[in-house]
Structures are given as C-alpha cells and as structure tokens.
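Asker: Attaching a single structure in structure tokens format; questions to follow.
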Amino acid sequence: MQIAAGSLTRALFGLGILAFLVRPEWFEPALRLLVDQNMPVIYLQGNLLSLLLQHLALVLAATTVAAILAISAAIFVTRPVGSDFLPLSRSIVSIGQTFPPVAVLALCVPVLGFGNGPTLVALIFYGLLPIFENALTALRTIDPAVLEAARGSGMSEPQRLMRVELPLAMPLIISGIRLSAVISVATATIGSTVAAKTLGEVIVAGLQSYNYAFILQGGVLVAALALLIHDSLTILERRFGLRRLATTDGKP
Amino acid sequence: MIEIDEISKLYDGRAVVDRVSMQIPASTITAIVGTSGSGKTTLMRMVNRLIDQTSGQIKINGQDITGTQPHELRRRIGYVIQGHGLFPHQTVYDNIATVPRLLKWDRAKIEQKVRELLALFQLEFDSFARRYPHELSGGQQQRVGVARALAAEPDLLLMDEPFGALDPIIRAKAQSDLRDIQRKLGMTILLVTHDMDEAFRLSDRIAVMNAGKLLQYAEPRTLLTHPADSFVAEMVGQAERAFRLLSLNGIDAIAEDGQAAGAALPADLTQREALSDLLWSGRDAAPIAQPDGNAPRRVTLSRLLAAAAER
Ligand SMILES: Nc1ncnc2c1ncn2[C@@H]1O[C@H](COP(=O)(O)OP(=O)(O)OP(=O)(O)O)[C@@H](O)[C@H]1O
Ligand SMILES: [Mg+2]
C-alpha cells in the first residue's frame, strides 16, 4: 500500500514537472503570487527544457567519467600488483571530497576558462569518492570461499574479475554511482557562477533580482532531476541484486 | 596416479608441510587426517597449485604439475571446499557449467553434462537448474558444489572438508553417495577431513599428518593394527580400535553355515552393525538373510569378537 502511494506521488510530481516544462504559462497565475507586479514570472532567457537537458548531460558526463576512474582505481588497488597503492588512492580520493567544489571551480577557471569545463572537472573530482569507496568495499567483502572456488575451478585472473567479482560487486557499485550522481545534480547548480549551462542559472537569476518564482522554478527542477536519477539507478541496482540478495523466506 | 615426492612448503622459514612423500593409486579415495594446523590444506592446495611448493615435486599421471599453467591445471582437477563456495549470482545450471564453459565445450554438450550430474545427485533438472544457491538447502548446495567440481570429468578430485558444514544425517548420506559416485566414475579422490569416522567409512587409504610431517600413509586396517607411532595410534582412536576394525568388513567374511534363532540380518551389514544387533537382542548367533533355496548361514558372537581382536 505504502509503496503504491509512494509511486503515485512520484508519478503525479513527474507529470506536474512535465506539464511545467511544456506549458509553463499554466503555472503563471500560481507563481505570480510570489513576485512583485511587473516582474517576469517564468524564466525565459534560456528555454527551461533545454537548460534541464544540459544540466542532465553535464551530470551524466561527469558521473560516467568519475565511475570509470573510480571503478578502475578500485579494481587496481584490490589486485595483488596494486595493493601498495591502496592507502594512497584512498587519501587522494578523500582530498577530493574535503575540497569545496567552489574552490575547484575557482582553480579551474584560469586553466580551462569559463563555461562547462571547470564545472565538469569539479563534478568528476567530487563524484569519485562515493563510487570508489563503494566499489572498494564491494570488491573486498566478497566471500573468500567464492573467490577460492573461482580460482580452484581454473578461472584466470581477468575471468575471475569479469565473471565473479564485478557481478557480485555491481549492486554496491551502482548505489555508489547513484549517490555520486545525486550529489552532482545539486553541485552542478553552482557551475552557473562560471557560466556553465545548468539550472543553477535560473536560481542565480532569481537571487540577483529577488525573484522568488525563479528560485522556486530552478529549485524544483533540480530536485526533480535528482529524484529521476535516484529512482532510475535504484531500479537498476535492484535488477542486479534482487534475486541473490533476497532472503531465504522466498524459498519455494 | 599421483606421486608426491619430498614436497615442502615454508612460510617465513617454517616448514608447514615438511618433506611429504606419498603415492596415491589411481581410482582410490585417500583421506588426509591430522590435528588442526598440521598442514593438510596446504598439502592439498599444492596439488592444484593454489599454493606453490617451496621444494619437491608432484606428478599427476607421470606429468610434473609445474609444466602446466596453474589455471589450466585446475580445470582438469575438481575442487570442493568447505562451505561449497557456489557463485551466489549464478543459477545451479551456470554454477555446474563453470569449468565446461572455461574449456569452451559446446552448448549441447554442456547441457547434457548438467542434466547427467543433476540426475546423479538426485536433483530434478526442471526444479533445480534455474534456482540460485540461496534457494537450496545446505545439503543441496553441497551436492551442487560437488557436481560443479565433477562437470569437466576430472581424473582427480580434491575435497577440503567437503561435508564439514552438514548435519550428521545428511553427512552420512553425502558420504555414501560420494562413495557410490566414485565407484561409478572411477576418479581418484584426495579428501581432507577432521572426522575420523568419515575417513574410515570412505577411504581406501588414510594419511595421518602432524606438524607438517606425514606420519603414516596406509590402509585403514593397517593404521589400526600397526600404527607407525603413538600419535597415529592416538589419532585413529585406540579406545575405538576394535569397533573401527569391525566396521571395515562385511559379515559375509566371517559367516558360517548353520541355523540361528531370531530375525535374519541383511547380508550387506558390517561386522560392527552385526555385533551391535547381537548385543542388543541378547543372542549368541543370528541368521543371515539368504536368497531362497540357499543353505542357511549365520554369524556368531564369538567370531565377531575374534575379528575385533585381529592383529
Ligand atoms: N599464507 C600463510 N602464511 C603463513 N602461515 C600459513 C599460511 N597458510 C597457512 N599457514 C600456517 O600453516 C599451518 C598449516 O595450515 P593448514 O591450513 O595447512 O592446516 P590444516 O591442517 O588444514 O588445519 P585445519 O585442520 O585447521 O584446516 C598453520 O600453522 C597455518 O597457520
Ligand atoms: Mg584446513
């Protein structure tokens, strides 16, 4: 019952967002209550839908790169050859997390100029830790008996990785990716301070002109995006994990 | 045939396996017994190169094992560990198909093999093939673990405490199933166990280890009648020696012609079981069930007692 009610709310919220993107004028009367008489109510400088898509694209690109880097690093440091690098890679990645994203942006602008570049770098930097940590935990906590069996049945090291270790680690890795992507959706908004094309633009415009309608629009769209990513990755994670993580009470 | 010649494994200069030599005849079951930490697992894992020996040589069917890539060697040797180590993300079918797939068998041949093995282990294909390990009981998981090890028809099966996690009743069944399967398929089995009864019930020969050294490698009877030293005697259980000896032989070996009163005993009983029955029923002799028309035969208490005192 609860789950059904939850998905119903989500669906209604999604429909509302969709309607807003396609027909913003429907929402004008409600939003007008938030602003002074002669202020604009709907953000029209850049098409909202296209801003949303650019925001999404930036997050997807950053998360993909962060995932590739973090997963490769986690694989490397869990192999015998790379085990010496485990402490080092851990500290590099946690530095990435303690560094404020604004500082990363500020440092990147002189090198990469204004636009999407610095934001992308900051997001990648920022997204590494959750994916790395999860991948590392997943790879290090596989039942030793399972690894022993894989070795004992004559799998080579790459075969062990591809057929046993990664599939078993996948649910936890995906939940790391999900966490990283959701953080990125929020973090990407500050990218608009260095002229990246994101929904942050709407919020910043609102802040500059005390236009609460703009702030609300930007905020709600960012939240919707975060929910969308969260939900789709949760579904993916379940697909990978459901059957074997199910408890024994499903026993036939 | 497996020839182990002066094999040693040193960790930090300490010999965990210390110049062990043994010749394991083909198509036999050998149990390795010994106290915890005596080097049983280490010795076994050197045979399929999960551990590299420090010195010495192991040959399987005349070939030095260091002449083959470790992972290729392992595909030809079945390996079963305690707690089975089934792949939790794969179905029973895929688990059993592991080594045949590594060996690139074609699909039809793999399916035929999986069907054959599930039938051998009394698991119905239609209801078990698509299940995941967590959907099986402990005993079923253990059987699938052995089936997986046998899938590529290895000549040699290594088993490290394969029944350690099973309860006594299921364990006894698994042991007799293994014995039957070994007779049927004829592979050589090297098995590590803590359970002395299991060693006696299953094996053709028993290897007793202590502190990395092989103290004695002989048939169960010889261990009982001529233990190499006091440690072996202690290990094989001096107190139970008489009963163990009786459990090694069937009653037909000491049966004699003649009548006896009371219920007949099945002909395939061990001497130990017969003794137990006679003591319990308070008889001096019991008839042995015979096919119709055969002369009556019996087993007597006095002959059982004589057999128990055999040197
Ligand atoms: N990688 C290793 N490094 C150092 N010592 C080891 C290593 N592996 C095993 N040992 C030691 O070697 C000895 C023998 O270990 P092994 O696992 O062969 O014993 P076992 O006879 O199988 O014992 P158990 O019955 O408890 O399984 C033990 O003292 C163990 O601590
Ligand atoms: Mg052991």
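The values are calculated or read from the model by the stated rules, or taken from the named source; none is laboratory data. What you see is a predicted model, and the numbers here were worked out from it, not measured in a lab. Because the Cβ atoms are built from the backbone with ideal geometry, glycine has one as well, and the counts that use them run over all protein chains shown. Side chains are part of the model used for accessible areas, which takes the heavy atoms of the whole protein and leaves out ligands, DNA and RNA. Shrake-Rupley method; radii C 1.70, N 1.55, O 1.52, S 1.80 Å.
Asker: Note every residue of the range B:43-65 with a reduction of at least 40 square angstrom in accessible area, all protein chains present versus the isolated chain, computed with a 1.4 Å probe, or write none.
Answerer: B:LEU50
Asker: Right, something else. Which value results for Rg/Rh of the protein assembly as shown when Rg is the Cα radius of gyration and Rh the Kirkwood radius based on the inverse mean 1/r? All intermediate terms of the calculation are to be shown ahead of the outcome.
Answerer: Numbers: Rg = 34.5 Å, Rh = 29.2 Å.
Taking Rg over the Kirkwood Rh, I get 1.18.
Asker: Whole Å is fine, so just give me how far the alpha carbon centre of the range B:27-59 lies from that of the range A:90-122.
Answerer: Answer, in whole Å: 55.
Asker: Carbon and sulfur: what percent of the range B:2-238's accessible surface (1.4 Å probe)? Display every interim value, and only then the final one.
Answerer: Values: 4500 of 9840 Å².
Carbon-and-sulfur percentage of accessible area, whole number: 46.
Asker: Which of rounded, prolate, oblate describes the range B:98-156, given a ≥ b ≥ c as roots of the alpha-carbon gyration tensor eigenvalues and a/c under 1.5 marking rounded, otherwise prolate only if a/b is larger than b/c?
Answerer: On the way: a/c = 1.84, a/b = 1.48, b/c = 1.25.
Verdict is prolate for the range B:98-156.
Asker: Extension gain B:TRP280-B:ASN249, at 0.36 nm per residue separation less the Cα-Cα distance, in nm? Present the calculation step by step, with values, prior to reporting the outcome.
Answerer: Working: separation 31, 0.36 × 31 = 11.16 nm, distance 1.99 nm.
Between B:TRP280 and B:ASN249, full extension yields 9.2 nm more.
Asker: Cα-Cα pairs above 15 Å in the range A:1-95: how many percent? Working shown, then result.
Answerer: On the way: 3429 of 4465 pairs.
Summing the P(r) tail past 15 Å for the range A:1-95 gives 77 percent.
Asker: Could you provide, to the nearest whole Å², the per residue accessible area of chain A with probe 1.4 Å? Don't jump to the answer; show the numbers that get you there.
Answerer: Details: 13300 Å² over 252 residues.
Ligands and nucleic acids excluded, the result is 53 Å² per residue.
Asker: Starting from the range B:55-158, pick out the trypsin sites (Lys or Arg not before Pro) whose DSSP state is loop and whose Cβ has at most 15 other Cβ atoms within 10 Å. Present the calculation step by step, with values, prior to reporting the outcome.
Answerer: Numbers: sites: B:LYS59, B:ARG74, B:ARG75, B:ARG76, B:ARG101, B:LYS104, B:ARG107, B:LYS109, B:LYS113, B:ARG115, B:ARG130, B:ARG131, B:ARG143, B:ARG148; in loops: B:ARG76, B:LYS104, B:ARG130, B:ARG131.
Qualifying residues, ordered by number: B:LYS104, B:ARG130.
Asker: Now, a different point. Using a simple spin-label model with points 7 Å from Cα along the Cα→Cβ vector, what separation in nm is obtained for B:ASP52 and A:LEU18?
Answerer: Taking the simple label geometry, B:ASP52 and A:LEU18 are separated by 6.1 nm.
Asker: For the range A:137-252, with all protein chains present and a 1.4 Å probe, just round the carbon and sulfur fraction of the accessible area to a whole percent. Walk me through the numbers before you get to the answer.
Answerer: On the way: 3540 of 5390 Å².
With neighbouring chains kept in place, the figure for the range A:137-252 is 66 percent.
Asker: Pull out a ≥ b ≥ c, the square roots of the eigenvalues of the alpha-carbon gyration tensor of chain A, then state rounded if a/c is under 1.5, prolate if not and a/b is larger than b/c, and oblate in the remaining case. Before the final figure, lay out the partial values.
Answerer: Working: a/c = 3.54, a/b = 1.64, b/c = 2.16.
Oblate, since a/c reaches 1.5 and b/c is not below a/b.
Asker: Determine the calculated [θ] at 222 nm for the protein assembly as shown from helices alone, applying -39500 (n - 2.57) to every DSSP H run no shorter than 4 residues and normalising by the residue count; nearest 500 deg cm²/dmol. Each step should come with its number before you reach the end.
Answerer: Working: 25 runs with 304 residues, N = 563.
Value at 222 nm, helices only: -17000 deg cm²/dmol.
Asker: Another question, if that's okay. What is the angle, in °, between the Cα long axis of helix B:168-185 and the longest principal axis of the Cα atoms in chain B? Nearest 10 is fine, range 0 to 90.
Answerer: Approximately 80 degrees, to the nearest 10.
Asker: Give the value in nm², to one decimal: projected area of the alpha carbon convex hull of the range B:244-311, averaged over all directions. Walk me through the numbers before you get to the answer.
Answerer: On the way: hull surface 16.9 nm².
For the range B:244-311, averaging the hull's shadow over all directions gives 4.2 nm².
Asker: Follow-up question, since we're still on this one. B plus A alone minus the pair: what accessible area, both sides summed, probe 1.4 Å, in Å² to 100? Walk me through the intermediate numbers first.
Answerer: Working: alone 15220 and 14380 Å², together 27490 Å².
Counting both chains, the buried surface is close to 2100 Å².
Asker: Follow-up question, since we're still on this one. Compute the helix-to-body angle for B:107-120: its Cα long axis versus the longest principal axis of chain B, expressed 0 to 90° and rounded to tens.
Answerer: So the inclination is approximately 30 degrees.
Asker: May I pose another question? May I ask you to give the solvent-accessible area per residue for chain B, in square angstrom, as obtained with a 1.4 angstrom probe? Present the calculation step by step, with values, prior to reporting the outcome.
Answerer: Numbers: 14190 Å² over 311 residues.
Ligands and nucleic acids excluded, the result is 46 Å² per residue.
Asker: Let me know the Rg and Dmax you get for the range B:50-135 when you use only its Cα atoms, in Å.
Answerer: 15.8, 49
Asker: Need the per-residue list for the range B:120-136: every residue with at least 20 Å² less accessible surface in the complex of protein chains than in the chain by itself, probe 1.4 Å, sorted by number.
Answerer: B:ARG131, B:TYR132, B:HIS134, B:GLU135
Asker: In µm²/s, what is D for the range B:2-238 at 10 °C and 1.306 mPa s, where D = kT/(6 pi eta Rh) by Stokes-Einstein and Rh is the Kirkwood radius from Cα pairs?
Answerer: Values: Rh = 18.4 Å.
It comes out at roughly 86 µm²/s.
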